[in-house]
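Visitor: For reference, the structure I am asking about is given below.
The values are calculated or read from the model by the stated rules, or taken from the named source; none is laboratory data. All figures in this text were calculated on a predicted structure; none of them were measured in a lab. Here the Cβ positions follow ideal geometry from the backbone for every residue, glycine too, while neighbour counts run over all protein chains shown.
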Amino acid sequence: TLLPILELERELVVTHGNGPGVGKTILRQVLARHRVTPMSLDICVANTQGVTAYLLMQAFENALRNAGNPRHAIGLVTQVEVDPSDPAFARPTKPIGYFYSEEEAKSLEAEFGWTMKEDAGRGWRQVVPSPEPQHICDISLVDALASRGTIVIAGGGGGIPVVRDAAGIRRGIEAVIDKDLTSQHMATVLGIEHMMILTSVSQVALHFGTDRAQRLGTVSVSQMKRYQDEGHFADGSMGPKVEAAIRFIERGGKRAIIAHLEESLPALMGEAGTQIVADD
């Protein structure tokens, strides 16, 4: 699906989510907690980041070799610094992992110190802090590799959350950073012109899921902000993608694209997806 993009002679940095993966990692820990010492959340993110990057790197290079293209891909373990005083740490809101009964949830809260929240009609789920990304560690390596033509896979799952003390010493912290905001931050710092978020819908829509749904083609950033303020984009789905696109344009990006995975090339060419651009 992505081969036409991979073959373009452009600098390319790829990020990815890890929601299902980190959820499964946590479930394994719950099931094996009496036999294996549980891992902290930053280690869970690192675990899934490495596995997903390996799978993508292998898939990309195999597809390129089959097409007779010698281009290489590499996955980078990516730490992302956050502010330990970020308000998100006092108010965990990001749901991860599986759903549990109320009884199971109370037991897990007591045993692991988790914060559990009820999702009406679905059960109870762990919620964790989701702080803002402040700095992509080793961003210069991403830049150097991409400028050589290597496809760089970085920032997976929002990056491994770390904090740094006054002496410059980093340590992991229990959190999950939003992948779309990390992607935007990385794109802005690298001076990338086009940021594309690939998802399972062809375009961003107003009144999504209703008979009044209105798909968006090319939209100015100010108009997209108005739609955002009107509450059209849900926090757990399209909201972070739209927020990332808005930030990218406001901070100097030329074009932010939200499109279906299967339409990646036409979307990059401006022929599909939702295209968010600067105001005239």
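Visitor: Check off (1) among the polar types (S, T, N, Q); (2) in a loop (DSSP other than H, G, I, E, B); (3) under 25 Å from Ser183 (Cα atoms) for Asn69 and give me the number that stays unchecked.
Guide: Of the numbered conditions (1) among the polar types (S, T, N, Q); (2) in a loop (DSSP other than H, G, I, E, B); (3) under 25 Å from Ser183 (Cα atoms), the odd one out for Asn69 is (3).
Visitor: Tell me, which residue of region 187-225 that is hydroxyl-bearing (Ser, Thr, Tyr) and in a strand (DSSP E or B) is surrounded by the most Cβ atoms within 10 Å (Cβ to Cβ)? Break it down stepwise before answering.
Guide: First, pick out the residues of region 187-225 that are hydroxyl-bearing (Ser, Thr, Tyr): 188, 199-200, 202, 210, 218, 220, 222.
Right, trim to in a strand (DSSP E or B) and you get 199, 218, 220.
Working: Thr199: 17, Thr218: 12, Ser220: 14.
Restricting to residues being hydroxyl-bearing (Ser, Thr, Tyr) and in a strand (DSSP E or B), the top hit is Thr199.
Visitor: Can you name every residue in region 128-153 that is surrounded by fewer than 18 Cβ atoms within 10 Å (Cβ to Cβ) and among the polar types (S, T, N, Q)?
Guide: Of everything in region 128-153, those that are surrounded by fewer than 18 Cβ atoms within 10 Å (Cβ to Cβ) and among the polar types (S, T, N, Q) turn out to be Gln134, Ser140, Ser147, Thr150.
Visitor: Across region 60-85, which residue is surrounded by the most Cβ atoms within 10 Å (Cβ to Cβ) among those that are of a type in the set (A, V, I, L, M, F, W, C) and in contact with a strand residue (DSSP E or B) (Cβ under 9 Å, 6 or more places away or on another chain)?
Guide: Val80
Visitor: Now for a separate question. For residues that are among the acidic types (Asp, Glu) and under 15 Å from Met224 (Cα atoms), scanning just region 236-280, find the one that is farthest from the chain's Cα centre (by Cα).
Guide: Per the criteria, the residue is Asp280.
Visitor: Tell me which residues, restricted to region 231-280, are outside any helix (DSSP H, G or I), among the small types (Gly, Ala, Ser) and under 21 Å from Gly191 (Cβ atoms).
Guide: Gly252, Gly253, Ala256, Gly270, Ala278
Visitor: Gly21 is checked against (1) at pLDDT below 95; (2) part of a loop (DSSP other than H, G, I, E, B) and fails just one. What number does that condition carry?
Guide: In the conditions (1) at pLDDT below 95; (2) part of a loop (DSSP other than H, G, I, E, B), Gly21 misses (2) alone.
Visitor: Go through region 39-59 residue by residue and tally those that are more than 21 Å from Ala144 (Cα to Cα), surrounded by fewer than 16 Cβ atoms within 10 Å (Cβ to Cβ) and of a type outside the set (S, T, N, Q).
Guide: Number satisfying all stated conditions: 5.
Visitor: While we're here: Right, Gln228: outside the structural domain of Ser183 (by TED's automatic domain parsing), assigned to a helix (DSSP H, G or I), farther than 19 Å from Thr93 by Cβ and not small (Gly, Ala, Ser) or not? Full working, then the answer.
Guide: Details: outside the structural domain of Ser183 (by TED's automatic domain parsing): yes; assigned to a helix (DSSP H, G or I): yes; farther than 19 Å from Thr93 by Cβ: no; not small (Gly, Ala, Ser): yes.
No; evaluated as a whole, the condition is false for this residue.
Visitor: Sticking with this one: Given (1) within 24 Å of Glu262 (Cβ to Cβ); (2) free of Cβ contacts under 8 Å to residues at least 24 places away in the same chain; (3) surrounded by fewer than 18 Cβ atoms within 10 Å (Cβ to Cβ), identify the lone condition not met by Glu7.
Guide: (2)
Visitor: Just need a number here: residues in region 154-167 that are hydrophobic (A, V, I, L, M, F, W, C), surrounded by 24 or more Cβ atoms within 10 Å (Cβ to Cβ) and part of a loop (DSSP other than H, G, I, E, B).
Guide: 1
Visitor: Hey, another quick one. Check region 31-52 and report whether any residue there is within 30 Å of Ile173 (Cα to Cα), hydrophobic (A, V, I, L, M, F, W, C), assigned to a helix (DSSP H, G or I) and free of Cβ contacts under 8 Å to residues at least 12 places away in the same chain.
Guide: yes
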